[in-house]
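Here's the structure we're looking at; comments come further down.
What follows draws every value from the coordinates through simple rules; no lab data is involved. Treat the numbers as computed from the prediction; the structure is a model and nothing was measured. Heads up, the Cβs are rebuilt from the backbone with ideal geometry, glycines too, and the neighbour counts pull from every protein chain shown.
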Amino acid sequence: MDDRSLGQRHSNIPIFIPHLGCPNDCIYCDQKIIAHQAVAPAPEQIAGILERHLTTIPAGTWTEAAFFGGSFTAIDLSLQEAYLQVVQPYLQQGVIKGIRVSTRPDCIDDNNLDLLSCYGVRMVELGVQSMCDEVLKTSGRGYDSRTVRHSCQRIQAKNLQLGIQLMIGLPGDTLARDIASARESAALQPQAVRIYPTLVLSGTKLAAMYDQGRYTPLDMEEAIRISKAMYLLFCLHDIPVIRMGLHPGPELQNPGIVKAGPFHSSFGEMVEQAVFRDHAYKTLQSFHDSFGIYDELCLHVNRRDLSKMIGQRRSNIIWICQQMGFDRLDVKGNLDQTLGSIGVGRGDEPARYVLSRRQYLEGLSW
């Protein structure tokens with residue numbers, strides 16, 4: 001369903017249609033803040049958006065137009081067609097390879113999916129948020145998990161790719177419920193997943209709950225721990241997690257917009273760093289069990305994984321040294337090392353022991 005070349009760079013051209021088609025306000029949502037727009041662009045403005053982004057995208061990039069921010073399939077059909085028609089010349093020229101849209105699980109029907117297919121839409125991303133009915137109800141989503149499963153099946157039956165967006169830290173949420181949502185989502189076999197920690201945005205119902213002491217957001221450590229567990233579960237099932245954390249646009253960084261919650265411009269990187277830390281710790285333990293050598297050790301990773309392995313301000317290396325009693329621990333990056341794998345050797349010697357990401361995942365207690 002996805003004919004991109006292995007390793008080919010991917011880029012979305014985001015076209016924000018804030019709140020368009022949404023039937024109600026969820027307690028955490030203010031799309032006008034998230035998209036930094038009060039009004040969705042008119043169809044005649046879409047070409048300009050595409051042209052501006054295309055000038056910044058390197059040649060050879062697999063590029064898609066992405067209608068985000070609203071519930072695309074809930075807007076008037078004529079407006080959907082008008083938006084999609086603007087993209088058609090770019091599809092025919094091959095400069096844009098496909099279209100993706102985001103929408104709600106309760107705004108899916110076969111006629112609309114047929115329309116999307118006819119106009120070159122490749123992926124439908126559903127703002128699922130949770131598979132726990134109680135969490136969905138408390139958050140004002142207006143549908144239940146049964147609706148989610150039915151909509152996912154409809155999308156896949158039309159040979160469209162399925163994306164699932166999940167939120168953690170919603171009112172009534174727990175680690176167990178988040179993991180259960182991840183398991184149920186993985187069972188639906190989506191082609192992509194996004195994980196968003198809940199933020200308290202000014203002007204939302206959730207902000208009022210927070211001010212009244214009726215809602216406590218996740219702290220950063222909790223958000224990373226939960227996201228890491230969900231990320232690893234999806235990795236185990238070979239389902240790409242294409243984003244963790246909201247895009248840190250300038251609108252979210254304005255003072256007073258984010259009242260509370262685990263907001264960081266590099267949230268996804270921080271989660272992956274936590275994964276590499278735990279993976280490296282397990283690799284070193286296995287190395288010690290096999291070779292019994294502790295001094296002058298060096299971790300070997302792919303060069304592209306260096307920053308994730310080292311961590312912010314060398315936090316991963318410092319933590320591992322503290323846990324294992326090392327005076328120092330070196331890290332080397334090379335392009336021959338498989339992405340995601342971690343090797344261990346002594347000094348300047350090659351890695352004696354390598355633990356792949358797959359081996360690490362299969363060794364975890366699920």
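Would region 49-165 count as rounded, prolate or oblate if I go by the C-alpha gyration tensor, calling it rounded below 1.5 in a/c and otherwise prolate when a/b exceeds b/c, oblate otherwise?
Cα axes put region 49-165 in the prolate bin.
Quick one: Ile318, Ile310, Ile155, fewest Cβ neighbours within 10 Å first, how do they rank?
So the ranking, lowest neighbour count to highest, is Ile318, Ile310, Ile155.
With +1 on each Lys and Arg Cβ and -1 on each Asp and Glu Cβ, how big is the dipole of the chain about its Cα centre, in debye rounded to the nearest 20?
Charge dipole of the chain: 260 debye, to the nearest 20.
Among Thr73, Thr63, rank each residue by its count of other Cβ atoms within 10 Å, from fewest to most, as a rough exposure measure.
Fewest-to-most ranking of Thr73, Thr63: Thr63, Thr73.
Run the helix sum for the chain: -39,500 (n - 2.57) per DSSP H stretch of 4+ residues, divided by residue count, reported at 222 nm to the nearest 500 deg cm²/dmol.
Dividing the helical sum by the residues of the chain leaves -12000 deg cm²/dmol.
Among Ile224, Thr338, Ala192, whose Cα lies farthest out toward the positive end of the dipole of the chain, if unit charges sit on the beta carbon of Lys, Arg (+1) and Asp, Glu (-1)?
The residue sitting farthest along the positive end of the dipole is Thr338.
Tell me, what is the percent relative contact order of the chain, built from C-alpha pairs under 8 Å that lie six or more residues apart? Could you put the intermediate results ahead of the total?
Numbers: 620 pairs, mean separation 43.5, N = 366.
Taking the mean separation of contacting Cα pairs over the length of the chain, I get 12 percent.
I need the fraction of alpha carbon pairs in the chain separated by more than 39 Å, rounded to a whole percent.
Value for the chain: 21 percent of Cα pairs lie more than 39 Å apart.
For a quick check: sort Phe67, Phe263 by the number of other beta carbons within 10 angstrom, fewest at the front.
The order, fewest Cβ neighbours first, is Phe263, Phe67.
Just the ratio, please: alpha-carbon radius of gyration of region 256-351 over 2.2 N^0.38 Å, N its number of residues.
1.19
Express in nm, to one decimal, how much length is gained between Ala82 and Arg225 on full extension, taking 0.36 nm for each residue of separation and deducting their alpha carbon distance.
Taking 0.36 nm per residue and subtracting the Cα distance, the gain is 47.2 nm.
In region 168-231, which trypsin sites (Lys or Arg not before Pro) fall in coil by DSSP and have 16 or fewer other Cβ atoms within 10 Å?
Of the trypsin sites (Lys or Arg not before Pro), the ones in loops of region 168-231 whose Cβ has at most 16 other Cβ atoms within 10 Å are Arg214.
Over the Cα atoms, compute the radius of gyration (one decimal) and Dmax (the largest Cα-Cα distance, rounded to a whole number) for region 170-272, in Å.
Looking at region 170-272, its Cα Rg and Dmax stand at 14.3, 42 Å.
Nothing charged except the Cβ atoms of Lys and Arg (+1) and of Asp and Glu (-1): what's the magnitude of the dipole of region 276-362 about its Cα centre? Round to the nearest 20 debye.
420 debye
Return the subset of Lys205/Lys308; Lys259/Lys282; Lys259/Lys308; Lys97/Lys332; Lys137/Lys259; Lys228/Lys282 for which the Cα-Cα distance in this structure is over 26 Å, preserving the input order. Let's see the in-between values first.
On the way: Lys205/Lys308 36 Å; Lys259/Lys282 37 Å; Lys259/Lys308 29 Å; Lys97/Lys332 37 Å; Lys137/Lys259 23 Å; Lys228/Lys282 16 Å.
Among Lys205/Lys308; Lys259/Lys282; Lys259/Lys308; Lys97/Lys332; Lys137/Lys259; Lys228/Lys282, the Cα-Cα distance tops 26 Å for Lys205/Lys308; Lys259/Lys282; Lys259/Lys308; Lys97/Lys332.
State the extension gain, in nm to one decimal, for the chain segment bounded by Thr338 and Val95, taking 0.36 nm per residue of separation less the distance between their alpha-carbons.
Contour length minus Cα-Cα distance gives 84.4 nm.
As a test, work out the antiparallel percent of DSSP beta bridges whose residues both lie in the chain, rounded to the nearest 5. Let's see the in-between values first.
On the way: 9 of 45 bridges.
Bridges in the chain are about 20 percent antiparallel.
How much length is gained if the chain between Ser202 and Gln253 is pulled fully straight, taking 0.36 nm per residue apart and subtracting their Cα-Cα distance, in nm to one decimal?
Net length gain for the segment: 17.1 nm.
With θ set to phi - 60° and the Karplus curve 6.51 cos²θ - 1.76 cosθ + 1.60, what are the ³J(HN,Hα) couplings of region 40-50 in order, to the nearest whole Hz, using x for Gly and Pro?
5, x, 6, x, 5, 8, 5, 4, x, 4, 4
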